[in-house]
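Data first, discussion second: the structure below is written as structure tokens.
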Amino acid sequence: MAAFSALLLVWCALLAALPAYAQAPAQAPSKTQSAYRPDDPLNVQAFNHFYNMDYDRSIQEFDQVLKRHPDDPFAVNHLLVAVLFQELYRMGAMDTSEYANDSFIAKPHRPADENAKKRIKELVDRAEQLEAKKLEANDKDIDALYARGVTRAEFATYTALIERAWFSALRNAVGARKDHEKVLELDPNYIDAKLIVGAHNYVTGSLSWAVKVAVAMAGLSGSKEKGINYLRDTAKGTSETSTDAKIVLVVFLRREKQYDEALSYARNLISTYPRNLLIALEEGNLLRASGKNAEAEASYRKVWQTGKNAGYPGLHYEAVAVSLGDLLRSQKDYTGAASAYEMALQVTKPDPEISQKANLQVGEMYDLLQKRDQAVARYQAVIAADDKTPFAETAKKRVKEPYRGE
């Protein structure tokens, strides 16, 4: 059940909990072509900063919007998701490669900051109170239902990836789907609601037969085809969640090995949000997964150079050096892989987890290249940095016995 909960949450809740984004429509807004909610000119700037991973500025701007619209749950949700994603990135929990398989279920990350946790909970409570007030006045208020579904999805993400409380998170993820299904019953043209419903359908449709039977008894069902089509509908439109649907599709289509379509969405996002490091990294990951290793290497090196040229301010672009090293390692180019891993250590103030991983892998390359003294020095550097991490545990084994390959 824990694995099912994890799949449901991170594929559906994490990605579907992204905030609403829309370009200002050229005509009067409708449910299929919405202006920002609330209608505040600062939202354009805030969303652009958010999708370019400039979380500090997006939080400041969303906070200003909320101060001007204190009773709007959409304004609360936007600030909530910016605070949440800033913390997830700081924790190291936004590696897209983890969500392309199931490795995120057990992989530990840095603990959450207590002040961030407190603020997230306060914003969830505030949004829920505003939504409840609106729904008490009118239980068919579709905007309030939609907003509550987003709040539930965001809280599901928090409880799953920060609290690691799978069952509590699952309840909120299912609640988010039900809210948005209700929205679509009341207004089939409310395209934004297709994001969470589509993601949820894909996930439940991807489960094994035995698990499908179990979740069907709980009143849940799903279809991968329906889910993907809902997401495509959302992505091709100009609704608030079109950008979010593209991000979800990049991950889901990668799992489905539909790499060309996934790449088309990724490249569209890269051109729109050139400072989004994670999407830039995903292009190389998709190319590698599709067997286009030379193109993947070129993509990784481009991201590295962009990072060196300050194209990803405040972000840990050294992660791409590890991806490049992994690619060269898979091709048995151990010298090239060692050089790539070394690149990650050249960055000023690298992410501690990335630094440990790079040092460990440089050591393994040196062992394969018969450079034992250099390898041991790297393993010792891993242990000295933090002797309680999984990387350190592996390094301790490597000190005792050389690495000879998998």
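The values are calculated or read from the model by the stated rules, or taken from the named source; none is laboratory data. None of these values were measured; they are calculated from a predicted model. Cβ atoms come from the backbone with ideal geometry, glycine included; neighbour counts cover every protein chain shown. Just the protein is used for accessible areas: all its heavy atoms, side chains included, with ligands, DNA and RNA removed. Shrake-Rupley method; radii C 1.70, N 1.55, O 1.52, S 1.80 Å.
What pairs can you find where one residue is in region 183-195 and at pLDDT 95 or above, the other is assigned to a loop (DSSP other than H, G, I, E, B), and their Cβ atoms are less than 8 Å apart, with a gap of 6+ or different chains?
Taking only residues 6 or more apart or on different chains, the pairs are V183/Y190; L184/Y190; L186/K140; D187/K31.
Being surrounded by 18 or more Cβ atoms within 10 Å (Cβ to Cβ) and part of a helix (DSSP H, G or I) is true for just one of L315, L263. Which residue is that?
Residue meeting the stated conditions: L263.
Output the number of residues of region 146-165 satisfying the condition of being within 17 Å of the chain's Cα centre (by Cα) and not in a helix (DSSP H, G or I).
3
So, S30, is that one surrounded by fewer than 18 Cβ atoms within 10 Å (Cβ to Cβ), modelled with pLDDT under 80 and within 19 Å of H180 (Cβ to Cβ) or not?
Considered against the rule, which asks whether it is surrounded by fewer than 18 Cβ atoms within 10 Å (Cβ to Cβ), modelled with pLDDT under 80 and within 19 Å of H180 (Cβ to Cβ), S30 comes out as yes.
Please go through region 279-299 and give me each residue that is more than 14 Å from Y259 (Cα to Cα) and out of contact with any Asp or Glu (no Cβ under 9 Å at 6 or more places or on another chain), ordered by number.
Of everything in region 279-299, those that are more than 14 Å from Y259 (Cα to Cα) and out of contact with any Asp or Glu (no Cβ under 9 Å at 6 or more places or on another chain) turn out to be I279, A280, A294, E297, A298.
Picking from A193, A127, which residue would you name as being in a helix (DSSP H, G or I) and closer than 30 Å to A262 by Cα?
Result: A193 is the single residue among A193, A127 that is in a helix (DSSP H, G or I) and closer than 30 Å to A262 by Cα.
What tally of residues in region 241-250 results from selecting those that are in contact with a Phe, Trp or Tyr (Cβ under 6 Å, 6 or more places away or on another chain) and either closer than 18 Å to S223 by Cβ or not in a helix (DSSP H, G or I) (or both)?
Qualifying residue count, region 241-250: 1.
State the number of residues belonging to region 124-165 that are small (G, A, S) and open to solvent by 50 Å² or more (accessible area, probe 1.4 Å).
1
What about E282, is it in contact (Cβ under 8 Å) with a residue 12 or more places away in the chain, in a helix (DSSP H, G or I), among the charged types (D, E, K, R) and buried (at least 21 other Cβ atoms within 10 Å of the Cβ)?
yes
Output the residues belonging to region 227-260 that are crowded, with 24+ Cβ neighbours inside 10 Å, of a type in the set (S, T, N, Q) and closer than 10 Å to K194 by Cα.
T234, T241, listed by residue number.
State whether one or more residues within region 104-119 are modelled with pLDDT under 80, part of a helix (DSSP H, G or I) and open to solvent by less than 70 Å² (accessible area, probe 1.4 Å).
Yes, some residue in region 104-119 is modelled with pLDDT under 80, part of a helix (DSSP H, G or I) and open to solvent by less than 70 Å² (accessible area, probe 1.4 Å).
For region 331-406, which fully contained helices (runs of 4 or more DSSP H) count at least 2 residues that are open to solvent by less than 40 Å² (accessible area, probe 1.4 Å), more than 26 Å from E295 (Cβ to Cβ) and in contact (Cβ under 8 Å) with a residue 12 or more places away in the chain?
352-368, 372-385, 390-400
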